[in-house]
Protein chains: 2
Amino acid sequence: MDVYISGVGMTKFGRSKDPLEKMMAEAASSALKEAQLEKVDAIYMGVMNVEEFVGDSNFATLLADTLGLTGIPSTRVETASSSGAGAFETAFYAVASGHMKHVLVLAGEKMTHLPTAKTTRILSEAIDRSERRYGATMPALAAMIAQKYAREFNLSLLKLEDILAQVAIKNHSNGYFNVYAQFRKIITKEDYLKSQMVAYPLRLYDCAPITDGASAIILTSQSTPIKVSGIGHATDTAAVRHRASFTSFNSTKEAALKAYTMAQLNPSDVQFAEVHDAFTLFEIIGTEDLGFFPPGEGWKALEKGISHLRGKLPINPSGGLKARGHPVGASGLAQLVEIVYQLRGEAGRERQLERAEIGLAQSTGGLGNNNLVTILERNDRKRIMTEGWSPDYHPSISVLKKSYVSPPSEGIGILETFTTLYATPEGFLSPLTLGFVKTEGGEIVMACNPDYRSPKELKMGKKVYLKTREGLYVFEKLTLWNRLKHWFKKQPKNN
Amino acid sequence: MDVYISGVGMTKFGRSKDPLEKMMAEAASSALKEAQLEKVDAIYMGVMNVEEFVGDSNFATLLADTLGLTGIPSTRVETASSSGAGAFETAFYAVASGHMKHVLVLAGEKMTHLPTAKTTRILSEAIDRSERRYGATMPALAAMIAQKYAREFNLSLLKLEDILAQVAIKNHSNGYFNVYAQFRKIITKEDYLKSQMVAYPLRLYDCAPITDGASAIILTSQSTPIKVSGIGHATDTAAVRHRASFTSFNSTKEAALKAYTMAQLNPSDVQFAEVHDAFTLFEIIGTEDLGFFPPGEGWKALEKGISHLRGKLPINPSGGLKARGHPVGASGLAQLVEIVYQLRGEAGRERQLERAEIGLAQSTGGLGNNNLVTILERNDRKRIMTEGWSPDYHPSISVLKKSYVSPPSEGIGILETFTTLYATPEGFLSPLTLGFVKTEGGEIVMACNPDYRSPKELKMGKKVYLKTREGLYVFEKLTLWNRLKHWFKKQPKNN
């Protein structure tokens with residue numbers, strides 16, 4: 001059964017004094033009004049971590065009660081920072097099954113009331129335990145990916161900086177015109193360069209902000225002008241270091257493949273997209289993973305103006321997570337609300353795109369390991385679906401064969417990538433230098449270095465000495481003494 | 001599209017040293033083996049509060065990774081203590097939509113590693129904030145309901161005690177034969193009476209225990225011997241005091257009505273049931289709400305042996321939450337695993353029921369406000385479905401019209417029900433006396449009483465004096481002084 005959208009709504013994103021359920025009720029009320037409904041058959045609601053951000057559980061019930069809809073089923077759905085998109089997908093199947101006619105999808109998060117170090121710690125709980133215990137945060141891992149990206153595609157750090165600044169500038173410029181956006185200010189390269197370093201080489205302007213907000217969509221089995229054409233959802237390893245590639249996300253690629261196949265659309269059919277730019281580089285990687293641009297070339301679209309608001313393939317016309325804001329659970333659904341506004345021609349004079357018949361949203365859960373891709377389309381586009389159709393999209397999805405060999409506790413390794421983290425989570429001192437080190441056995445381990453105070457002293461691809469201290473891997477400069485110690489250890493033992 | 005079950009699995013419930021994901025992987029692995037599958041199209045997994053019990057978020061991803069199923073969609077579903085049943089329902093729609101063929105439903109919780117006061121506090125977060133701030137816990141509210149039940153149906157507290165003991169004795173007796181049960185010991189009335197008071201009049205043996213455990217089911221679109229016949233899901237007000245009745249749950253009744261209607265079955269067709277006996281009385285209320293027995297008469301079925309293992313309508317042949325244990329997120333799915341074992345004739349010589357073609361599970365989320373009813377059936381029963389069929393089940397579902405009049409801060413009220421709580425959550429002194437007081441305006445408020453040390457001093461239906469202290473309602477004995485103060489306040493003011 002086909003599924004359509006009959007109403008959308010969202011709150012202004014930013015800092016709110018309202019409790020979470022009130023924000024979500026505000027978004028729901030707009031969506032219900034648009035759909036001309038007073039009741040729905042069920043509520044599916046996405047929040048990432050209402051338990052720790054707000055201190056409540058059983059939130060789905062509270063929401064139904066707040067909305068005056070007590071009685072109907074209400075279910076909470078969570079896929080980390082893609083929970084809004086996850087709730088949408090779940091509701092999609094409920095309607096597609098024919099068991100439900102009208103379903104309210106709601107998403108939200110309240111985050112700004114907590115100290116930043118606490119929020120950082122809560123968000124870090126989505127990271128694999130073995131990486132989180134080193135103090136790794138989302139920005140830390142994103143920074144390590146950014147350095148790796150520069151190295152893999154031969155970009156100088158100066159060039160990388162320029163690319164990332166361009167993403168921030170573009171998205172702030174788009175957000176300037178979005179009445180729902182948290183930040184409505186134009187920023188310059190100078191502003192970007194002045195913003196504080198969060199996790200080298202990522203600055204504050206590379207990271208989506210901490211935000212309160214809510215979004216809502218009504219799904220229905222009755223035909224409306226907006227159709228849900230394709231949905232894909234995929235996971236990746238919990239630990240980033242267990243992946244074959246650090247510079248693209250399998251989870252986006254597998255999700256996109258499913259979404260394109262269901263929609264019978266090619267990447268080239270997509271006219272605009274909302275891409276999960278929790279970090280500036282992730283927008284670029286996202287557009288590569290979605291098949292819009294070849295790997296390592298996504299940034300050229302920025303330079304050529306392709307991904308700009310008036311470009312051929314506008315990316316994040318809403319301002320993205322960067323400027324609209326990122327209430328983690330709400331973002332995935334807010335992307336879809338933006339797409340609906342664009343498809344309906346209601347995005348406002350400044351932001352309304354000329355070509356807006358097919359829009360795609362890509363939402364990332366965790367550090368690229370619970371991702372969803374959703375394609376919405378104007379229902380007045382006439383097309384014929386063909387059995388066995390497959391898209392012109394052939395992403396390389398490589399998986400690391402899990403190694404169960406425990407790496408040696410001391411030895412020489414290669415520093416694959418690293419970061420110096422300045423905004424550490426609760427319980428960790430700043431700055432904190434973290435790296436991925438490839439051991440001689442070929443396994444990659446997370447390691448910290450308590451000595452390096454400046455990231456300029458380190459170089460990717462260089463040999464380091466790896467040891468363990470209090471159950472953690474520590475890497476340090478490869479001294480003559482270390483080399484000797486290592487050489488002696490490797491000698492066969494004489495009895 | 002019809003949905004079937006092709007595999008089930010569960011861990012032994014109890015105290016486990018394994019991390020949660022390992023327990024869930026163990027359950028999943030049995031289910032996958034039974035279904036002869038190595039891969040599925042998606043995972044839906046129910047946990048109630050992995051954030052606070054375990055300290056992780058993004059758990060759906062971790063699970064896919066742990067299972068070696070990285071890549072496929074993995075979604076966490078939460079409906080408080082019915083999350084296992086909620087995940088099952090969500091997965092049901094995914095398969096029923098035709099978009100998925102084989103789906104793994106997983107549920108689990110790890111709770112025993114924390115101090116009891118902390119666990120109690122975490123579980124209490126599922127309670128409405130306005131009731132939770134008084135220190136109300138699940139046992140406290142259940143105890144208030146138990147007292148009300150006794151009063152409404154003219155049972156002496158001695159009689160109530162005897163009834164509740166019988167539920168505990170029956171379920172422990174069933175659990176004795178269940179290899180998956182946390183408690184495999186026969187208990188006597190004497191044991192029951194010796195068990196400590198948790199929340200007057202409920203004792204430790206009235207409350208489901210704190211448990212670690214996991215359960216798994218594979219849903220499939222291919223015909224198998226076990227069919228999912230009906231599913232219903234409904235919510236109720238977040239606050240217990242906002243309900244028209246304290247002695248039955250609308251959410252069970254509305255969910256049951258949907259499930260019976262979908263399955264085209266009457267309550268009298270059900271041959272056995274797993275009922276959410278988080279508290280002994282809730283089993284009795286559950287069997288009334290499900291239409292098995294008239295309101296206030298569920299306990300007679302116990303006395304007549306109807307709900308016993310060899311009775312006409314066995315309730316909780318597994319031992320129920322009471323004896324099998326209650327890892328909150330896992331219980332709703334574990335009930336369904338038990339039903340599958342019974343339908344297949346695999347429950348073991350001692351527990352296997354003679355009539356086991358149609359089984360029903362009722363799972364409660366929160367304090368009776370996010371409930372699911374699921375009916376499973378042997379697929380070899382031939383029957384014809386009729387359009388517009390409606391069940392012989394007409395529950396009374398009454399809703400309180402929300403009053404927005406703020407009750408007076410001081411005045412005379414009626415003590416509707418109360419409890420003295422001995423196992424208080426983190427941050428509250430024990431004992432703690434809590435009650436629902438009906439104000440002269442007809443509104444019911446939660447109130448505490450710091451003075452009463454023994455519940456024997458209080459009587460339901462008696463007048464009390466209500467005042468506010470530090471933003472909380474406090475009730476106390478109605479003294480002559482209070483009466484006078486109240487009378488003076490009520491006099492019209494002279495200028």
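The values are calculated or read from the model by the stated rules, or taken from the named source; none is laboratory data. Bear in mind the structure is a predicted one, so any value in this text is a computation, not a measurement. Please note: Cβ atoms are built from the backbone with ideal geometry, for glycine as well, and neighbour counts cover all protein chains shown. Note: accessible area is taken over every heavy atom of the protein model, side chains too, but ligands, DNA and RNA are not part of it. Shrake-Rupley method; radii C 1.70, N 1.55, O 1.52, S 1.80 Å.
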When the solvent-accessible surface of protein heavy atoms is calculated with a 1.4 angstrom probe, in what order do A:Ile384, B:Ile127, B:Ile169 fall, highest first?
-> A:Ile384, B:Ile169, B:Ile127
Karplus-derived 3J(HN,Hα), 6.51/-1.76/1.60, for each residue of the stretch B:382-390, Hz, glycine and proline x | 7, 8, 9, 8, 10, 5, x, 4, 9
For the stretch B:451-473 and the stretch A:461-494, compute the distance between their C-alpha centroids and round to whole Å.
-> 70 Å
Taking R0 as 60 Å and r as the Cβ-Cβ distance between A:Arg355 and B:Arg310, the FRET efficiency 1/(1 + (r/R0)^6), rounded to the nearest 0.05, comes to 0.25
Multiply the residue separation of B:Arg469 and B:Glu190 by 0.36 nm, subtract the distance between their alpha-carbon atoms, and state the gained length in nm to one decimal.
-> 96.3 nm
Quick one: with label points 7 Å out along Cα→Cβ, list the inter-copy distances for B:Arg453 in nm, shortest first?
-> 6.2
Summing -39500 (n - 2.57) over every DSSP H run of at least 4 in chain B, dividing by its residue total and rounding to the nearest 500, the 222 nm mean residue ellipticity is -9500 deg cm²/dmol
So for R0 = 60 Å, FRET eff. of A:Ile414-B:Leu114 from the Cβ-Cβ r, to 0.05, ends up at 0.90
Per principal axis, largest first, the Cα atoms of the stretch A:136-235 extend in Å by 52, 33, 24
Could you work out the relative contact order of the stretch B:199-306, using alpha carbon pairs under 8 angstrom and six or more residues apart, expressed as a whole percent?
-> 25 percent
The stretch A:436-495: GluC sites (Glu not before Pro) in DSSP coil with no more than 10 other Cβ atoms inside 10 Å | A:Glu470
Under the Kirkwood approximation for Rh and a Cα-based Rg, what ratio Rg/Rh is obtained for the protein assembly as shown?
-> 0.99
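Restricting attention to the stretch B:63-142, which GluC sites (Glu not before Pro) occupy a DSSP loop and are surrounded by at most 16 other Cβ atoms within 10 Å?
Nothing satisfies the criteria.
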Pick out, in residue order, every one of the GluC sites (Glu not before Pro) in the stretch A:1-61 that is DSSP loop and has at most 10 other C-beta atoms within 10 Å; say none if there are none.
-> A:Glu38
Quick one: accessible surface of A:Ile226, probe radius 1.4 Å, all protein chains present, in square angstrom to the nearest 10.
-> 10 Å²
Mean separation of Cα contacts under 8 Å (at least 6 apart) over the residue count of the stretch B:114-185, i.e. the relative contact order in percent, is 14 percent
Excluding B:Ile169 itself, calculate the net charge of residues whose Cβ lies under 9 Å from the Cβ of B:Ile169, where each Lys or Arg counts +1 and each Asp or Glu counts -1.
-> +1
Relative contact order as a percentage, chain B, C-alpha pairs under 8 Å and 6+ apart, gives 20 percent
Taking a label point 7 Å out from Cα toward Cβ, give me the nm distances from B:Ile186 to the same spot in the other copies, shortest first, one decimal.
-> 8.5
Given the convex hull over the Cα atoms of the stretch A:229-322, what projected area results after averaging over all orientations, in nm²?
-> 6.1 nm²
Other copies of B:Lys382: label-to-label distances in nm, shortest first, labels 7 Å along the beta-carbon direction = 4.9
Chain A - convex hull of the alpha-carbon atoms, volume per residue in Å³ = 153 Å³
Hey, with R₀ at 35 Å, roughly what FRET efficiency would B:Lys39 and A:Glu297 work out to, going by the Cβ-Cβ distance, to 0.05?
-> 0.55
With every protein chain kept in the model, how would you rank B:Trp299, B:Trp481 by accessible area, 1.4 Å probe, largest at the top?
-> B:Trp481, B:Trp299
Using heavy-atom solvent-accessible surface (probe 1.4 Å) with all chains present, what is the largest-first order of A:Asp380, A:Asp212?
-> A:Asp380, A:Asp212
Whole-Å distance, taken between Cα centres, linking the stretch A:166-181 and the stretch A:304-322 | 9 Å
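Just for chain B, what percent of DSSP beta bridges are antiparallel, to the closest 5?
Taking every DSSP beta bridge within chain B, about 80 percent pair in antiparallel fashion.
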